[in-house]
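Notes follow once the structure below has been shown.
The values are calculated or read from the model by the stated rules, or taken from the named source; none is laboratory data. Keep in mind that this is a model prediction, so the values were computed, not measured. With ideal geometry, Cβ positions are generated from the backbone for all residues, glycine too; neighbour counts draw on all protein chains shown.
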Amino acid sequence: MSWRATILTLYPEMFPGPLGTSLSGDALARGLWSLEARQIRDHGIGRHAKVDDTPAGGGPGMVLRADVLASAIDAAADEGDLRPRLLMSPRGRPFTQADARRFAAGPGLVIVCGRFEGVDERVIAGRDLAEVSIGDYVLSGGEIPAMVLTDACVRLLPGVMGAGASGDEESFENGLLEYPQYTRPREWEGRSIPDVLLSGDHGAIARWRRQEAERLTAERRPDLLTSR
Ligand code: SAH
């Protein structure tokens, strides 16, 4: 069975969106993974299918109800479903390339997209949701974060990237940012491609790339070097 993403959202029409084009879209069409966007509102309460309410203790905005979300999650993933359950949340653990590798190696993901002020805390514990953040800023909903996370996983699935392009040398894979890339033309606006890359000396090319990766990482992301 192929890798399966189930997204719980109030805006299922946002999917597949960008995931339906290019690398991830081709892979979707080829059946290398599947995507199901489910409407949380189908589990809303009463005639108006209410999904949210005012925060206990007061304050601005609305909070997604625990009972509504739990019933949406239960309908999407039964007890035998071994996929990790994530809640997109700025409070979550920062998502990394290592997480993408780990999730891509599993059966898929169930992802809950928050909206408004967030979700009732009790459903996080009650349905064992792992909170995941895509960065230290606040977006208006979990849909774009869910797309970011899904895209990062899908491109790592077997057969999605071209033969040989395992992504092993990409940024973050070895704790370094990627070395600079060049292509034709050889000269452009007075700027040329570094000679070593045209030398045909594979050892020298590998050494140059390594040095450049280390230089860029030290310059831009010294934190990556200390955590290696
Ligand atoms: N009041 C919340 C923010 C709510 S933003 C707080 O201060 O933490 C509404 C929803 O957008 C969130 O429930 C979450 O699902 C999503 N979201 C916003 N920013 C995000 C981020 N950086 N990473 C992941 N999800 C995010």
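Conditions: (1) charged (D, E, K, R); (2) under 25 Å from Thr21 (Cβ atoms); (3) within 14 Å of the ligand (Cβ to nearest atom). Glu173 meets all but one. Number of the miss?
All conditions are met except number (3).
For segment 47-68, name all the residues that are within 11 Å of the ligand (Cβ to nearest atom) and under 16 Å from Ile7 (Cβ atoms).
Scanning segment 47-68 gives a single hit, Leu64.
If Ala125 satisfies every condition in (1) in a helix (DSSP H, G or I); (2) in contact with a Cys (Cβ under 7 Å, 6 or more places away or on another chain) but one, which is the exception?
(2)
With surrounded by fewer than 16 Cβ atoms within 10 Å (Cβ to Cβ) and in a loop (DSSP other than H, G, I, E, B) as the only criterion, which of Arg207, Arg215, Arg184 stands out?
That would be Arg184, the only listed residue that is surrounded by fewer than 16 Cβ atoms within 10 Å (Cβ to Cβ) and in a loop (DSSP other than H, G, I, E, B).
If you go through segment 33-54 one residue at a time, do you hit one that is aliphatic (A, V, I, L, M), part of a loop (DSSP other than H, G, I, E, B) and closer than 30 Å to Ser171 by Cβ?
no
Among the candidates Val138, Val132, Val123, which residue alone is surrounded by fewer than 16 Cβ atoms within 10 Å (Cβ to Cβ) and within 16 Å of the ligand (Cβ to nearest atom)?
Val138
Okay, residues lined up against (1) in the same structural domain as Trp33 (by TED's automatic domain parsing); (2) in contact with a strand residue (DSSP E or B) (Cβ under 6 Å, 6 or more places away or on another chain); (3) hydrophobic (A, V, I, L, M, F, W, C):
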site: Asp81; (1), (2), (3): yes, no, no
site: Thr96; (1), (2), (3): yes, no, no
site: Arg102; (1), (2), (3): yes, no, no
site: Pro107; (1), (2), (3): yes, no, no
site: Cys113; (1), (2), (3): yes, yes, yes
site: Val119; (1), (2), (3): yes, yes, yes
site: Leu129; (1), (2), (3): yes, yes, yes
site: Gly141; (1), (2), (3): yes, yes, no
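Picking from Arg41, Arg65, Arg30, Arg47, which residue would you name as being surrounded by 15 or more Cβ atoms within 10 Å (Cβ to Cβ) and out of contact with any Leu (no Cβ under 7 Å at 6 or more places or on another chain)?
Arg65
Could you list, ordered by first residue, the pairs with Cβ atoms under 6 Å in which the first is in segment 105-119 and touching a residue at least 40 places away in the same chain (Cβ under 8 Å) and the second is within 14 Å of the ligand (Cβ to nearest atom) and among the basic types (Lys, Arg), at least 6 apart or interchain?
If the second residue must be within 14 Å of the ligand (Cβ to nearest atom) and among the basic types (Lys, Arg), the pairs left are Val110/Arg85.
Take the conditions within 16 Å of the chain's Cα centre (by Cα) and either over 29 Å from Gly106 (Cβ atoms) or in the same structural domain as Ala72 (by TED's automatic domain parsing) (or both) and apply them to Pro145. Does it pass?
yes
Confirm whether Asp120 is in contact with a Lys or Arg (Cβ under 7 Å, 6 or more places away or on another chain) and not hydroxyl-bearing (Ser, Thr, Tyr).
Here the answer is yes, as Asp120 does meet what is asked.
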